[in-house]
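One structure is given here, and the rest of the page talks about it.
The values are calculated or read from the model by the stated rules, or taken from the named source; none is laboratory data. The structure presented is a predicted model; accordingly, all values stated were derived computationally and were not measured. Because the Cβ atoms are built from the backbone with ideal geometry, glycine has one as well, and the counts that use them run over all protein chains shown. Keep in mind that these areas ignore ligands, DNA and RNA; they rest on the heavy atoms of the full protein, side chains included. Shrake-Rupley method; radii C 1.70, N 1.55, O 1.52, S 1.80 Å.
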Amino acid sequence: VQLQASGGGLVQAGGSLRLSCTASGIIFSVNAVDWYRQAPGKQRELVGRFTSGGSTNYADSVKGRFTISRDYAKKTLYLQMNSLKPEDTAVYYCHANPSGLRDFWGQGTLVTVSS
């Protein structure tokens with residue numbers, strides 16, 4: 001399993017970014033894939049999940065602002081982030097645990113939201 005996140009950058013508060021997570025070794029129809037983030041000095045937290053059944057769920061802090069989608073053909077998971085706030089500043093990671101035995105992480109992409 002390999003996961004590669006991209007799309008981070010610097011954006012002003014209220015702006016938008018779309019992150020991408022390209023996956024290999026994952027079957028989207030079988031395996032859930034998540035987005036996590038880790039802000040400076042804080043623990044890594046779950047942002048949202050795209051389940052194998054095609055549903056999504058989100059942390060309360062991003063509900064209504066962030067949307068996860070995926071493209072089967074491109075084997076890519078997306079995180080559309082709107083109405084960004086300075087507190088969204090973090091390194092964002094995609095994650096999967098297909099077997100339930102081992103966590104796989106992408107390398108992370110930095111999102112910085114300026115006020």
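Values for this structure:
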{"quantity": "From the options Leu84, Leu110, residue that is open to solvent by less than 40 Å² (accessible area, probe 1.4 Å), touching a residue at least 60 places away in the same chain (Cβ under 8 Å) and either assigned to a loop (DSSP other than H, G, I, E, B) or of a type in the set (A, V, I, L, M) (or both)", "calculated": "Leu84"}
{"quantity": "Unmet requirement for Pro40, which otherwise passes all of (1) modelled with pLDDT under 95; (2) open to solvent by less than 60 Å² (accessible area, probe 1.4 Å)", "calculated": "(2)"}
{"quantity": "Evaluation of Thr67 against (1) in a strand (DSSP E or B); (2) open to solvent by less than 50 Å² (accessible area, probe 1.4 Å) (one fails), failing number", "calculated": "(2)"}
{"quantity": "Answer residue from the range 87-101, given it is crowded, with 21+ Cβ neighbours inside 10 Å and of a type in the set (A, V, I, L, M, F, W, C) and is nearest to Val1 (Cα to Cα) among those", "calculated": "Ala96"}
{"quantity": "Long-range neighbours under 7 Å by Cβ, at least six apart or interchain, first residue of a type outside the set (Ser, Thr, Tyr) within the range 62-76, second in a loop (DSSP other than H, G, I, E, B)", "calculated": "Arg65/Asn82; Arg65/Ser83; Arg70/Phe28"}
{"quantity": "Evaluation of Val47 against (1) of a type in the set (Val, Ile, Thr); (2) more than 10 Å from the chain's Cα centre (by Cα); (3) in a strand (DSSP E or B) (one fails), failing number", "calculated": "(2)"}
{"quantity": "Residues of the range 70-81 classified as of a type outside the set (Gly, Ala, Ser), modelled with pLDDT under 95 and either assigned to a loop (DSSP other than H, G, I, E, B) or open to solvent by less than 40 Å² (accessible area, probe 1.4 Å) (or both), total", "calculated": "6"}
{"quantity": "Qualifying positions in the range 1-36 - touching a strand residue (DSSP E or B) at 6+ places or on another chain (Cβ under 8 Å), in a loop (DSSP other than H, G, I, E, B), among the small types (Gly, Ala, Ser) and within 16 Å of Ser52 (Cα to Cα)", "calculated": "Gly25, Ala32"}
